[in-house]
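Asks: What follows is a structure written as structure tokens; I'll ask about it next.
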Amino acid sequence: MALPDLAKKPQRFTGGHRACAGCGFPVTIKIILQAAENPVVVGCATGCMEVTSTIYPYTAWRCSFIHTAFENAAATMSGVEAAYRSLKRQGKIDKDIDFIAFGGDGGTYDIGLQALSGAMERGHKLVYVCYNNQGYMNTGIQRSSATPRGANTTTTPAGTHLPGKPQYPKDLTAIMAAHGIPYAAQASMSHWNDLYRKAQKAFAVDGPAFLNVLSTCRLGWATAPEDTVDVAEGAVQCNVWPLFEVENGKWKLTFKPKKPLPVADWMKQQGRFKHLFQSDNTELLESIQRQVDEDWQRLLELCGE
Amino acid sequence: MAVAVETQKTAALTGNEAAAQAMRQINPDVVAAYPITPQTEIVQLFSTFVSDGLVKTEFVAVESEHSAMSATVGAAAAGARAMTATSSQGLALMWEMLYIAAGMRVPVVMPMVNRALSSPINIHCDHSDSMGARDSGWLQIYSENAQEMYDNLIQAVRIAEHPDVLLPVMVTMDGFIISHGMENVELLPDRAVQDFVGEYHFPYPLLDVEHPKTLGPLALQDFYFEFKRQQAEAVHRAKNVILAVAEEYARISGRRYGFFEAYQMDDAEYAVVVLGSTAGTAKYVIDQLRQAGEKCGLVKIRVFRPFPGPELSELLSGLKALGILDRADTFSTQGGPLYLEVKAALYHALKRPKCINYIYGLGGRDIDPELIRQALMEIKDLGSEQADGVGPIVRYLGVRE
């Protein structure tokens, strides 16, 4: 797919929504929606995406859209997809339709994990997309289990005793791959072609698919609006957010940085890590780098690199 | 239409079996459910109908009741007739989604088998589960026995889906007492039920992708209130629909239903008001007392939401004394939920009976004829001219204290 061709494809998510200037998710979801060849029904968890795109009586959605609650986008869409299968089997509907559930990392990694696991295990033909901005940004930048270690959030504020979030994020993409679903992948809004191709694959499989897409939150990460794509790119280039896919159990790296950047370089781009560079945090920064390197090595082995 | 009455079959069924048979005949497009005692049997039986190809239903064995209600809402919004079933803790876990189902105006129908709420954990009947959902925007219909459970479920589909209503309906029966007790149940022919419920038409189905709609938007200070006002109006309109559907159902079944059943009330001077299976026991006691010349009666509430306040007030205002039996407490010191509703309904009556509350049967504690007789005698004394005041307004029946 060439960029001019992508630009010509119809937009299912219009402008005029009320997301922040420089917000990552609209870029992410536009690319994914453009990869769907069939009409789509979108389900959405409560969060920034939902509250900025559906302020009654307006909507930014040119396709069927449903939001019910925070933790249940996967369950709600399980019901929509089951309705589709039932009505199709009965001959009451003949169209091919694609089903997508969008959730932020709070609605996916944390409160929505059970519903997501259930939907994937049951095998609904559903593409679940986590637009991962590494925190509860809609409620004002709280930590989630996707927030990186050391990040300053309003529930892990950098103080004199604690230098931001103490834990590393959990590896949700691997957890989803462990469900044995036909397709799970990790992507970034910065690598639009890789994301587009992965979304195409996700729609094509006969069963559930999961996409974990890094999407910058310029407020939560404390970055300039014009740097949104660059910061997401930085996460990929320093191996904090590797791009890979797991297709029918086979792990494959889809991008390999020529020379990985130090993680600290990426962290310095963002205000949420500022405190780590204002005093001596050498030990913490070294252990974060070590963890990223170990995770990367493990991923290389899984991918047979 | 009279043909159906003649071709009804009598079967010995438990309440759960009767509910499952009603669901088979309704033949919903989607059922999403999760096991919980004492409801489990309904979804187990229904699953065998799915496995044996007796229904067209897509069965979704979800991983929790929260997801059961979420998937049911999703399916109904997509354009499918969707059902689920639950009890007790399961209903409590659905709590968030109950309000969303009602607010989104999806006409979901749910058998709800009454069971006490933890803690302590208990699997037996009381009404604390459904009473906790009484302000969720769902319509609530209570059943005395397996026959009523069957009849109410079939009618609930028509009530929920009526264009004047579009609200979810829960149909309850008492856990174990009815869900696991076997009775003779008259079953309509499959065809008659199918004709009665008809085709499902949700006005804004998600699967109509050529006319995309946004469901479940954010509505703030400028619009939220109008949504809720319309929802309240739909509950008002449900009253006429409930009576019209009951009338139509009587024509195919010969069984007639209203908001409540008035038993021996024509010349009654004192009475009890009850919900659910206790009505059967209370009728037996009233028959005995009537033989001894007592002027006592019973009102069994069938429709708790919408609450038939004016109709009840008209029936009850001439009585001397009234006892309201609650199988749930509100822990407010003001009495049980049924008591509060009935008393509120009587407030504007010109002539108000003395009114007391009995809380009984929590956690499945047996309510036997002797306890009801004792309550009725107290109510009678309360109504006598010699009675001095009312005494305690909230009394606990059949408990050690």
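Asks: Mind checking whether some residue in region A:61-76 is under 17 Å from the mean Cα position of the chain (by Cα) and more than 10 Å from every other protein chain (Cβ to nearest Cβ)?
Replies: no
Asks: From the set of residues in region A:24-53 that are assigned to a loop (DSSP other than H, G, I, E, B) and buried (at least 24 other Cβ atoms within 10 Å of the Cβ), which is nearest to the other protein chains (Cβ to nearest Cβ)?
Replies: Among residues in region A:24-53 that are assigned to a loop (DSSP other than H, G, I, E, B) and buried (at least 24 other Cβ atoms within 10 Å of the Cβ), the one nearest to the other protein chains (Cβ to nearest Cβ) is A:46.
Asks: Let me ask you something else. Can you tell me which residue among B:349, B:387 is in a loop (DSSP other than H, G, I, E, B), in contact with a Lys or Arg (Cβ under 8 Å, 6 or more places away or on another chain) and more than 30 Å from residue B:37 (Cα to Cα)?
Replies: Of the residues listed, the single one that is in a loop (DSSP other than H, G, I, E, B), in contact with a Lys or Arg (Cβ under 8 Å, 6 or more places away or on another chain) and more than 30 Å from residue B:37 (Cα to Cα) is B:387.
Asks: While we're on this one: Within region A:275-305, track down each residue that is surrounded by 14 or more Cβ atoms within 10 Å (Cβ to Cβ) and over 23 Å from residue A:172 (Cβ atoms).
Replies: A:275, A:276, A:281, A:284, A:285
Asks: Quick one: what pairs do we get from region A:98-114, first residue within 11 Å of chain B (Cβ to nearest Cβ) and in a strand (DSSP E or B), second of a type outside the set (A, V, I, L, M, F, W, C) and surrounded by fewer than 24 Cβ atoms within 10 Å (Cβ to Cβ), C-beta under 9 Å, 6+ apart or different chains?
Replies: Pairs that qualify, where the first residue is within 11 Å of chain B (Cβ to nearest Cβ) and in a strand (DSSP E or B) and the partner is of a type outside the set (A, V, I, L, M, F, W, C) and surrounded by fewer than 24 Cβ atoms within 10 Å (Cβ to Cβ), are A:98/A:37; A:98/A:38; A:98/A:39; A:98/A:125; A:99/A:125.
Asks: Read through the list (1) within 11 Å of another protein chain (Cβ to nearest Cβ); (2) over 19 Å from the mean Cα position of the chain (by Cα), then give the number of the only condition that residue B:47 fails.
Replies: So residue B:47 meets the others, but not (1).
Asks: Residue by residue through region B:229-255, note down the ones that are surrounded by 13 or more Cβ atoms within 10 Å (Cβ to Cβ) and among the basic types (Lys, Arg).
Replies: Answer for region B:229-255, where residues must be surrounded by 13 or more Cβ atoms within 10 Å (Cβ to Cβ) and among the basic types (Lys, Arg): B:237, B:239, B:251, B:255.
Asks: I need the full set of residues from region A:203-234 which are buried (at least 23 other Cβ atoms within 10 Å of the Cβ) and either touching a strand residue (DSSP E or B) at 6+ places or on another chain (Cβ under 6 Å) or modelled with pLDDT under 95 (or both), in order please.
Replies: A:209, A:210, A:211, A:212, A:213, A:214, A:215, A:232
Asks: Let me ask you something else. Residue by residue through region B:172-227, note down the ones that are away from chain A (no Cβ under 12 Å), over 22 Å from the mean Cα position of the chain (by Cα) and part of a loop (DSSP other than H, G, I, E, B).
Replies: B:189, B:198, B:203 - these are the residues of region B:172-227 that are away from chain A (no Cβ under 12 Å), over 22 Å from the mean Cα position of the chain (by Cα) and part of a loop (DSSP other than H, G, I, E, B).
Asks: Say whether the condition of being more than 11 Å from chain A (Cβ to nearest Cβ) and surrounded by fewer than 19 Cβ atoms within 10 Å (Cβ to Cβ) is met by at least one residue in region B:12-19.
Replies: Yes, because at least one residue in region B:12-19 is more than 11 Å from chain A (Cβ to nearest Cβ) and surrounded by fewer than 19 Cβ atoms within 10 Å (Cβ to Cβ).
Table: residues versus (1) within 29 Å of residue B:171 (Cβ to Cβ); (2) touching a His at 6+ places or on another chain (Cβ under 9 Å); (3) of a type in the set (Asp, Glu).
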site: B:322; (1), (2), (3): yes, no, no
site: B:345; (1), (2), (3): yes, no, no
site: B:369; (1), (2), (3): yes, no, no
site: B:378; (1), (2), (3): no, no, yes
site: B:390; (1), (2), (3): no, no, no
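Asks: Would you say residue B:19 is under 28 Å from residue B:205 (Cβ atoms), modelled with pLDDT of 95 or more, in a helix (DSSP H, G or I) and under 22 Å from the mean Cα position of the chain (by Cα)?
Replies: Yes; evaluated as a whole, the condition is true for this residue.
Asks: Of all residues in region B:62-97, how many are out of contact with any Pro (no Cβ under 9 Å at 6 or more places or on another chain) and not in a helix (DSSP H, G or I)?
Replies: Matching residues across region B:62-97 total 3.
Asks: Take residue A:80 and tell me if it is within 16 Å of residue B:73 (Cα to Cα) and within 9 Å of another protein chain (Cβ to nearest Cβ). Spell out how you get there, then give the answer.
Replies: On the way: within 16 Å of residue B:73 (Cα to Cα): yes; within 9 Å of another protein chain (Cβ to nearest Cβ): yes.
Criteria met by residue A:80.
Asks: Listed residues B:33, B:68, B:18; which is farther than 14 Å from residue B:94 by Cβ, in the same structural domain as residue B:95 (by TED's automatic domain parsing) and not basic (Lys, Arg)?
Replies: Answer to the check: B:18.
Asks: Select the strands (runs of 3 or more DSSP E) contained entirely in region A:168-272, then report the ones holding at least 3 residues which are under 13 Å from the mean Cα position of the chain (by Cα) and under 17 Å from residue A:148 (Cβ atoms).
Replies: By residue number, A:209-214.
The values are calculated or read from the model by the stated rules, or taken from the named source; none is laboratory data. In this text the structure is predicted, and so the values were computed from the model without any measurement. Cβ sites come from the backbone with ideal geometry, for glycine too, and all protein chains shown count toward neighbours.
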